[in-house]
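The values are calculated or read from the model by the stated rules, or taken from the named source; none is laboratory data. Please read all numbers here as calculations on a predicted model, not as lab measurements. Cβ sites come from the backbone with ideal geometry, for glycine too, and all protein chains shown count toward neighbours. Surface accessibility is based on the protein's heavy atoms, side chains included, excluding ligands, DNA and RNA. Shrake-Rupley method; radii C 1.70, N 1.55, O 1.52, S 1.80 Å.
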Amino acid sequence: MDLGLKGKKAIVTGGTKGIGLAIAETLAGEGCDIAICARDGALVERTVATLAEKGVQSIGSSADVTSSDAFRAWIAEAASDLGGLDILVANVSALAGAPDEEAWRAGLETDVLGTVRAVESALPFLEKSDNGSIIAIASTAALENFFGVRAYNAIKAAVIAYMSALSSTVAENGIRANTVSPGTIFFEGGVWDQRRAEMPEVYKAALAKNPTGRMGTPQDVANAVAFLASPAASFITGTNLVVDGALTQRVQF
């Protein structure tokens, strides 16, 4: 299926590792010109070079989504350098798993306000697109009780609520807004890789809960994002697409 992404312009925040990297690579593989950011400038530079090997325009810079003015300026600069913007993927997360106030502040600043800053800065460019699409990465932790009371769960629920409301307000400008909620996603250096090493019983229990018998991969999530970002999903907006291999025990509607 041709997703119709060739020649589109995309920004992916946190595009150097794990899910963000897989999204950037997948969009570039589909022919999107792409801009990425992350805090590690050297890693951004290496990733930009790798993405360019796919034959697309690839740019990137060190940026911190919690630095409001600088981050907003980067979004605008990246969209201008790309020659426009069709797709925004807000992927950066503080992974605020603790129940303390510091975690709540980190999650609010990074996951919620980082998404809001990206969206508000990108909207003037997305309004000029014939395929304006915004996708935020949330989590199935927002959908049911997961590891008790944690900032992360509520913060990701807030992201889903924000994007749902946003979808109604930007629809008249031809822009779609959706979220993707991954379940347990495994990759080297990721959260579940760390838990496998440090908390093997927790890792084994989480693995055993998934009816598919495995955890997801960043590519599983990236495939969902690419579809939602594309013209093939032109009538899908305001949805939360769960990518979890039937891990969450809930009726999804």
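Worth pointing out:
- Candidate set from region 209-253 (those that are among the aromatic types (Phe, Trp, Tyr) and farther than 23 Å from residue 15 by Cβ); member that is surrounded by the fewest Cβ atoms within 10 Å (Cβ to Cβ): 253
- Elements of type helices (runs of 4 or more DSSP H) in region 183-253, at least 2 residues being out of contact with any Cys (no Cβ under 6 Å at 6 or more places or on another chain), under 20 Å from residue 23 (Cβ atoms) and of a type in the set (Val, Ile, Thr): 218-229
- Residue check, residue 136 aliphatic (A, V, I, L, M) and surrounded by fewer than 16 Cβ atoms within 10 Å (Cβ to Cβ): no
To keep it simple, each residue is scored yes or no on (1) in contact with a Leu (Cβ under 7 Å, 6 or more places away or on another chain); (2) open to solvent by less than 10 Å² (accessible area, probe 1.4 Å); (3) modelled with pLDDT of 95 or more.
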position	(1), (2), (3)
1	no, no, no
7	no, no, yes
14	no, no, yes
18	no, no, yes
23	no, yes, yes
26	no, no, yes
32	yes, yes, yes
35	yes, yes, yes
39	no, no, yes
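- The number of residues in region 1-20 that are under 17 Å from the mean Cα position of the chain (by Cα), within 25 Å of residue 76 (Cβ to Cβ) and touching a residue at least 60 places away in the same chain (Cβ under 8 Å) comes to 10.
- Lone qualifier among 108, 85 - being in a helix (DSSP H, G or I) and at negative phi: 108
- Within region 53-64, being charged (D, E, K, R) and either within 17 Å of the chain's Cα centre (by Cα) or within 13 Å of residue 15 (Cβ to Cβ) (or both) holds for one residue alone: 64.
- Selection status of residue 64, modelled with pLDDT under 95, open to solvent by 30 Å² or more (accessible area, probe 1.4 Å) and on the phi < 0 side of the Ramachandran plot: no
- Test: residue in region 23-30 that is of a type in the set (Val, Ile, Thr) and either more than 21 Å from residue 93 (Cβ to Cβ) or over 15 Å from the mean Cα position of the chain (by Cα) (or both): no
- Residue in region 41-52 that is under 17 Å from the mean Cα position of the chain (by Cα) and either under 28 Å from residue 238 (Cβ atoms) or open to solvent by 50 Å² or more (accessible area, probe 1.4 Å) (or both) present: no
- Conditions (1) under 30 Å from residue 79 (Cα atoms); (2) surrounded by fewer than 20 Cβ atoms within 10 Å (Cβ to Cβ); number of the one not met by residue 121: (2)
- Here residue 83 fulfils each of the conditions (1) surrounded by 15 or more Cβ atoms within 10 Å (Cβ to Cβ); (2) more than 15 Å from residue 12 (Cα to Cα); (3) of a type outside the set (Ser, Thr, Tyr) apart from (1).
- Qualifying residue in region 139-154 (condition: basic (Lys, Arg), open to solvent by less than 20 Å² (accessible area, probe 1.4 Å) and not in a strand (DSSP E or B)): no
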